[in-house]
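K.L.:
The structure follows.
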Amino acid sequence: MDQILFLAHTQENGLLPASALEALTAALALKSASGASELVVGLVGASVQAAADQVAGCGAARFLGVAGAEFSVARYATDAMAAEAICKASAASIVVAPGSSRWHRVLPGVAQRLGGVADTHLTGLNPSGAGGALTVARWYYRQRMEAVIQRQRRPWFLLIDPGSQLAYVGAVGTATVELLPVQPGAAQLRTAFKGYRELSSGVQTIRPEAKLLFVAGAGWTKKQADGQPHVKEAETLILSFLQTSRASLGSSKSLVDLGGEGQAVLSFLTHLNQIGQTGSTPRHPKGLSTCCHGEEPHAVGWRFINERRAINLDANCGWARGKADVLYVADAFAVMNRVNELLAAK
Amino acid sequence: MSMVLQIVVCGSIVPDPLQTLEPVTTPAGPGLKNEMMLPAVLDPWASHALYEAANLAKQNPGSKVWLVSLGPKAKLQQVMMTVAQKVPFELIAVDGPAGGFTEASQTAAALAEAIQAIPGLDKSRLLVFGGWESASRGAGVTMQMVGELLGIQDQFQGVDEIKLQPDGSFEVMERVEGGRHQISSCAGAPALLGWATGNLPEPKNNPQVGMLNMRTVGPALQKAKPFKPAATDVTFVSVSLPKQVRETRIIKDKTADEIARELVEWIKQ
Ligand SMILES: Cc1cc2nc3c(=O)[nH]c(=O)nc-3n(C[C@H](O)[C@H](O)[C@H](O)COP(=O)(O)OP(=O)(O)OC[C@H]3O[C@@H](n4cnc5c(N)ncnc54)[C@H](O)[C@@H]3O)c2cc1C
């Protein structure tokens, strides 16, 4: 019988991030399917009481915590130490955790330390899969193929991809947290947190929670029908659309790379906006691609975008080949201009 | 004053992203159809790590870059013909499978062993670089395990920038949620950095660099240690391509106004 540990870290306000509540859903499903298994909640943060109270009603047998100023933000050495202590104290054989940036960069290392294994970017979890045993699903080759796997080795760390599960909802209560004494030494404190850097332009364009992903391709900077590029106009159109629609901005590689090559490029774009093979694979219910060809290395980043539409001058672009639901063969400048007018009028 | 660094970049080869991939079952588990025939490239995020390493080495005279690559020898040889033209490095090849379905912990063990065998390795000068995720397994697991095996506790992932100070300490910028970066400062080597895109464009091919590199690439491939993965604990229940190909509705004859109205309606739904 597996001993299940749900392992999470707090966010800045002391509560659990959405990705953690989603991972808890997965942990609870595992626990209820395997009957006799026990669920332990493990929390790491500056202080963990508020987070424990937030999930007090989840039916955990124990709440373990590692708390203190050293654990308030991501740092490999201290996070690894905290996670290791909680894993050991819980005697976990299965560790379910959110695939947040903070955990993603440390838990596979902890798995190694404990002689276990880690699988990341899990998009599905079936407690009674093949042979009645736990199976997990994840993608290989940058979302090109999906595998369902099982493992014998323990502890097995399962990092759940944010957005792939429904978030746990439960009444706030009062949890009794057993705090573990974990004391980082000089060797764990060689790295110090300095702060976060917002985008240099000051314009927030990446919104993981947005309903719509708006993708801008290199076409926005190319010569148009009049033989001229219209980069400033493109910038205004895109920014004004982002403002009214609250969409998240994605980009093709070609467009962000132009910046590095010193060409005129949209000033608010960085590599963080890039979608695809060497960019991100965000999750949004809808996606609208504009002036982007939809080549495979770009389109693999659309794996988790449900409804897809594209605007391109070229009726034979990649989107036409089964990659989008609708392709509008049209000038994106004209269409987006009108879209902005309509949105502003509402 | 500059810092003499030993920068070891871990980077393997992956199928060219423009190729269509299809899974097949082999006696050794899942693999790719025509895997050995597919054109390969150096794993993209690892190549960024390599360019950043070379740049750092250049700014810190006396520093050296190694590229530790685990892959089938014949494929490594092909890929090195181009990679060797980019930036100066010494290749350390390990001859074994590099596909996405291989086990990260085994790959990590082979890489750590190869790194530890580098003559004159000095941990106080060691920066281990790699991609934050491969384009094959895409898990972001291997580098952390390499770090653990080498006893490196200062690890960073999704790195876009490193700023080295004259005293050997450095500042690192890592990707976090919501399009932000986390900035940390680290006392210095040894450290491990899993790179995202970084800030450098792909270097142009330089035949002179190529000639210098090729002097060591050939011998490195010749003495590549064979790596044969042991049986793992994984069972692949299935490996499949996404089934859904969309039936694209191609709309050619609507005005910008009509399209805009349709889009606004759709966005609002
Ligand atoms: C190793 C590797 C990794 C890669 N990783 C990625 C990745 O992560 N992400 C990624 O995006 N790409 C990636 N690529 C690159 C990819 O193959 C394409 O080159 C890239 O996606 C093309 O970008 P694009 O469609 O914006 O530009 P282009 O191919 O230049 O297409 C521009 C499009 O704009 C259209 N257009 C122009 N003007 C208008 C207008 N007024 N209205 C409507 N349409 C217009 C044109 O018809 C054209 O289709 C990778 C490639 C390699 C080799």
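K.L.:
Of the residues A:Leu179, A:Leu166, which single one is under 20 Å from the mean Cα position of the chain (by Cα) and among the aliphatic types (A, V, I, L, M)?
P.N.:
Testing whether each residue is under 20 Å from the mean Cα position of the chain (by Cα) and among the aliphatic types (A, V, I, L, M) leaves just A:Leu166.
K.L.:
Collect the residues in region A:29-44 that are among the charged types (D, E, K, R) and modelled with pLDDT under 90, keeping them in residue-number order.
P.N.:
Matches in region A:29-44: A:Glu38 only.
K.L.:
Now for a separate question. How many residues, within region B:1-50, are within 13 Å of the ligand (Cβ to nearest atom), modelled with pLDDT under 95 and either more than 24 Å from A:Gly276 (Cβ to Cβ) or open to solvent by less than 20 Å² (accessible area, probe 1.4 Å) (or both)?
P.N.:
0
K.L.:
Considering B:Glu161, B:Glu202, B:Glu177, which residue is in contact (Cβ under 8 Å) with a residue 60 or more places away in the chain, of a type in the set (Asp, Glu) and either facing another protein chain (nearest Cβ under 8 Å) or closer than 19 Å to B:Val65 by Cα (or both)? Reasoning before the result, please.
P.N.:
Values: B:Glu161 fails: in contact (Cβ under 8 Å) with a residue 60 or more places away in the chain; B:Glu177 fails: in contact (Cβ under 8 Å) with a residue 60 or more places away in the chain.
On inspection, the qualifying residue turns out to be B:Glu202.
K.L.:
Just checking, how many residues over region B:223-241 are free of Cβ contacts under 8 Å to residues at least 40 places away in the same chain and within 7 Å of chain A (Cβ to nearest Cβ)?
P.N.:
Summing the residues that are free of Cβ contacts under 8 Å to residues at least 40 places away in the same chain and within 7 Å of chain A (Cβ to nearest Cβ) in region B:223-241 gives 4.
K.L.:
Checking A:Ile206 against (1) open to solvent by 40 Å² or more (accessible area, probe 1.4 Å); (2) within 16 Å of the ligand (Cβ to nearest atom); (3) not assigned by TED's automatic domain parsing to the domain that holds A:Asn273, which test does it fail?
P.N.:
(1)
Yes or no, residue by residue, for (1) among the aromatic types (Phe, Trp, Tyr); (2) over 30 Å from B:Glu161 (Cα atoms); (3) away from the ligand (no atom under 13 Å from the Cβ):
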{"residue": "A:Ser251", "(1), (2), (3)": "no, no, no"}
{"residue": "A:Leu258", "(1), (2), (3)": "no, no, no"}
{"residue": "A:Ser267", "(1), (2), (3)": "no, no, yes"}
{"residue": "A:His271", "(1), (2), (3)": "no, no, no"}
{"residue": "A:Gln277", "(1), (2), (3)": "no, no, no"}
{"residue": "A:Cys292", "(1), (2), (3)": "no, no, no"}
{"residue": "A:Leu327", "(1), (2), (3)": "no, yes, no"}
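K.L.:
Would you please name the residue that is nearest to the chain's Cα centre (by Cα), looking only at residues in region B:43-66 that are outside any helix (DSSP H, G or I) and either farther than 16 Å from B:Ala191 by Cα or within 14 Å of chain A (Cβ to nearest Cβ) (or both)?
P.N.:
Here the residue is B:Asp43.
K.L.:
Just for region B:255-265: of the residues that are more than 7 Å from chain A (Cβ to nearest Cβ) and of a type outside the set (S, T, N, Q), which one is farthest from A:Pro285 (Cα to Cα)?
P.N.:
B:Glu258
K.L.:
Right, something else. Inspect all residues belonging to region A:300-310 and state whether any of them is closer than 17 Å to A:Thr221 by Cβ, near the ligand (Cβ under 9 Å from one of its atoms) and not aliphatic (A, V, I, L, M).
P.N.:
Among the residues of region A:300-310, not one is closer than 17 Å to A:Thr221 by Cβ, near the ligand (Cβ under 9 Å from one of its atoms) and not aliphatic (A, V, I, L, M), which makes the answer no.
K.L.:
Which of (1) farther than 21 Å from B:Gln269 by Cβ; (2) more than 12 Å from the ligand (Cβ to nearest atom); (3) in contact with a Gly (Cβ under 9 Å, 6 or more places away or on another chain) is the odd one out, the single condition A:Ile238 does not satisfy?
P.N.:
Of (1) farther than 21 Å from B:Gln269 by Cβ; (2) more than 12 Å from the ligand (Cβ to nearest atom); (3) in contact with a Gly (Cβ under 9 Å, 6 or more places away or on another chain), only one is false for A:Ile238: (3).
K.L.:
Condition first: open to solvent by 10 Å² or more (accessible area, probe 1.4 Å), closer than 25 Å to B:Leu150 by Cβ and in contact with a helix residue (DSSP H, G or I) (Cβ under 6 Å, 6 or more places away or on another chain). Can you find one or more residues in region A:68-75 that meet it?
P.N.:
There is at least one residue in region A:68-75 that is open to solvent by 10 Å² or more (accessible area, probe 1.4 Å), closer than 25 Å to B:Leu150 by Cβ and in contact with a helix residue (DSSP H, G or I) (Cβ under 6 Å, 6 or more places away or on another chain).
K.L.:
Right, next: Mind listing just one residue for me: the one in region A:322-338 that is within 7 Å of another protein chain (Cβ to nearest Cβ) and in a helix (DSSP H, G or I) and, of those, surrounded by the fewest Cβ atoms within 10 Å (Cβ to Cβ)?
P.N.:
A:Ala334
K.L.:
A further question on this structure: For region B:226-258, give me each residue that is basic (Lys, Arg) and farther than 30 Å from A:Arg154 by Cβ.
P.N.:
Matches in region B:226-258: B:Lys243, B:Arg246, B:Arg249, B:Lys252, B:Lys254.
The values are calculated or read from the model by the stated rules, or taken from the named source; none is laboratory data. Worth saying up front: this structure is predicted, and the values here are computed from it rather than measured. Glycine also receives a Cβ, built like all others from the backbone with ideal geometry; neighbour counts cover every protein chain displayed. Calculation scope for accessible area: heavy atoms of the full protein, side chains included, ligands and nucleic acids excluded. Shrake-Rupley method; radii C 1.70, N 1.55, O 1.52, S 1.80 Å.
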